[in-house]
Amino acid sequence: MNQLKGVHHITAITSSAEKIYEFYTYVLGLRLVKKTVNQDDIQTYHLYFTDDVGSPGTDMTFFDFPGIPKGVHGTDEISKTSFRVPNDAALEYWVKRFDRLQVKHKGIKEQFGKKTLSFVDFDEQNYQLISDENNEGVASGTPWQKGPIPLEFAITGLGPVFVRVSNFDYFKAVLEQVYLFNEVAKEGSFHLFEMGEGGNGAQVIVEYNTILPRARQGYGTVHHAAFRVEDRKELEEWMKRYESFRLPNSGYVERFYFGSLYANIAPGVLFELATDGPGFMEDEPYETLGEKLSLPPFFESKREEIESLVRPIDTVRSNRVLEKEYEN
């Protein structure tokens with residue numbers, strides 16, 4: 001088996017598609033490249049925020065399920081999402097930015113030899129920035145060229161995925177035996193696993209915790225984490241691998257922007273394997289990515305119905321110039 005190539009995307013749940021668009025665009029400086037709907041629940045928006053060109057491994061996505069309650073953080077959940085920044089100096093920039101914009105954060109810390117900055121959004125979704133200074137392994141993406149963040153400090157992609165579990169031995173066995181991860185370091189109750197080329201873009205950090213109550217999914221929590229495979233042929237090899245371990249799975253799912261394979265691998269932990277292509281650049285021009293409601297071809301016949309179910313959100317940015325915001 002080829003090893004997984006790294007983190008592909010993280011999908012989380014928000015209380016407000018409008019507010020998450022504002023937060024990601026104008027606070028974090030990630031680019032909305034797709035405004036579409038949840039293919040399994042067409043009244044729900046699915047927003048994709050990535051680097052400048054929608055590269056795999058840079059993609060944070062959100063559902064806004066109508067009427068869903070607020071989630072509760074605890075054990076047995078994908079507990080935190082990381083974003084990569086170029087170096088330690090970038091973290092200093094983000095401290096000043098978060099202070100000015102009143103984004104709650106915990107200051108710069110260090111874990112597994114990397115400087116990090118943990119913060120939350122308006123839903124108390126958990127994130128961290130992680131410095132790529134001295135990082136090796138999977139390459140990151142290209143910052144949004146026309147976004148508000150100076151390019152030398154901007155987010156370039158996804159970093160380690162945090163998972164908190166109550167049965168560590170089982171989870172470790174699944175990561176190593178099914179997914180071919182390697183445990184490379186341990187700090188207290190945190191265990192660092194790597195896949196593929198390793199580095200910040202190909203890591204999962206597992207926290208063993210039997211003290212917290214079990215998490216409850218809702219807005220402010222992660223729905224699932226996805227990891228990269230090359231193409232459908234490789235995805236089908238993983239399907240055979242799942243079957244050899246008798247791991248229940250979704251089978252191949254066509255998402256148009258990529259192919260997918262889902263498996264619940266532990267309580268509260270849904271993993272997806274997703275292909276690198278075809279990506280987000282096929283059905284919209286680069287200049288106006290994410291500005292209109294984009295639907296895969298198999299949903300175009302339902303466009304009128306879908307547009308009547310989802311409220312309009314103004315995501316037009318191509319007619320604006322965003323000045324780079326330096327923090328003094």
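The values are calculated or read from the model by the stated rules, or taken from the named source; none is laboratory data. Predicted model, so just to flag it, every value in this text is computed and none were measured. As a convention, Cβ positions derive from the backbone with ideal geometry for all residues, glycine included, and neighbour counts pool all protein chains shown.
Mind checking whether some residue in the stretch 168-189 is of a type in the set (Gly, Ala, Ser), in contact (Cβ under 8 Å) with a residue 40 or more places away in the chain and part of a loop (DSSP other than H, G, I, E, B)? Looking through the stretch 168-189, none of the residues is of a type in the set (Gly, Ala, Ser), in contact (Cβ under 8 Å) with a residue 40 or more places away in the chain and part of a loop (DSSP other than H, G, I, E, B). The number of residues in the stretch 151-167 that are outside any strand (DSSP E or B) and within 28 Å of Tyr48 (Cβ to Cβ) comes to 6.
Name the one entry in Ala90, Ala139 that is of a type in the set (A, V, I, L, M) and crowded, with 21+ Cβ neighbours inside 10 Å. One residue alone meets the criteria, Ala90.
Within the stretch 99-115, the residues that satisfy the criterion of being farther than 30 Å from Pro69 by Cβ, of a type outside the set (A, V, I, L, M) and crowded, with 16+ Cβ neighbours inside 10 Å are Gln111, Phe112, Lys114, Lys115.
For every residue, the table says whether it meets (1) touching a strand residue (DSSP E or B) at 6+ places or on another chain (Cβ under 8 Å); (2) on the phi < 0 side of the Ramachandran plot; (3) surrounded by 19 or more Cβ atoms within 10 Å (Cβ to Cβ).
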| site | (1), (2), (3) |
| --- | --- |
| Leu117 | yes, yes, yes |
| Ile130 | yes, yes, yes |
| Trp144 | yes, yes, yes |
| Pro150 | no, yes, no |
| Leu158 | yes, yes, yes |
| Arg164 | yes, yes, yes |
| Tyr170 | yes, yes, no |
| Gln177 | no, yes, no |
| Leu180 | no, no, no |
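Would you say Phe181 is under 24 Å from Glu243 (Cβ atoms) and in contact with a helix residue (DSSP H, G or I) (Cβ under 6 Å, 6 or more places away or on another chain)? The answer is yes for Phe181. Filtering the stretch 295-328 to residues that are closer than 22 Å to Pro150 by Cβ and either assigned to a helix (DSSP H, G or I) or of a type in the set (Val, Ile, Thr) (or both) leaves only Val321. Figure legend. Inter-residue proximity from the stretch 119-130: first residues among the aliphatic types (A, V, I, L, M), second residues surrounded by fewer than 20 Cβ atoms within 10 Å (Cβ to Cβ) and not in a strand (DSSP E or B), beta-carbon distance below 6 Å, spacing 6+ or different chains. Indicated pairs: Val120/Lys104. Candidates in the stretch 106-131 are the residues that are among the acidic types (Asp, Glu) and under 17 Å from the mean Cα position of the chain (by Cα); of these, the one that is farthest from Ala89 (Cα to Cα) is Asp123. Among the residues making up the stretch 2-19, those that are in a loop (DSSP other than H, G, I, E, B) and at negative phi are Asn2, Gln3, Leu4, Lys5, Thr14, Ser15, Ser16. Residues in the stretch 261-315 that are over 18 Å from Thr50 (Cβ atoms), of a type outside the set (A, V, I, L, M, F, W, C) and surrounded by 13 or more Cβ atoms within 10 Å (Cβ to Cβ): 6 in all. Would you call Leu4 farther than 24 Å from Tyr262 by Cα and touching a strand residue (DSSP E or B) at 6+ places or on another chain (Cβ under 9 Å)? Criteria not met by Leu4.
When you check Val103 against the structure, is it within 20 Å of the chain's Cα centre (by Cα), over 20 Å from Lys19 (Cβ atoms), not in a strand (DSSP E or B) and not small (Gly, Ala, Ser), yes or no? So Val103 fails the test. Among the residues of the stretch 77-100, just one is small (Gly, Ala, Ser), closer than 22 Å to Leu151 by Cβ and outside any helix (DSSP H, G or I), namely Ser82. Taking the criterion of being farther than 16 Å from Pro312 by Cα, acidic (Asp, Glu) and part of a loop (DSSP other than H, G, I, E, B), the residues of the stretch 280-294 that qualify are Glu282, Asp283, Glu284. Taken over the stretch 290-328, the criterion of being under 30 Å from Ala89 (Cα atoms) and either in contact (Cβ under 8 Å) with a residue 60 or more places away in the chain or hydrophobic (A, V, I, L, M, F, W, C) (or both) is satisfied by Arg317, Val321, Leu322, Glu323, Lys324, Glu325, Tyr326, Glu327, Asn328. Scanning the stretch 274-289 for residues that are in contact with a helix residue (DSSP H, G or I) (Cβ under 9 Å, 6 or more places away or on another chain) and at pLDDT 95 or above yields Ala274, Thr275.
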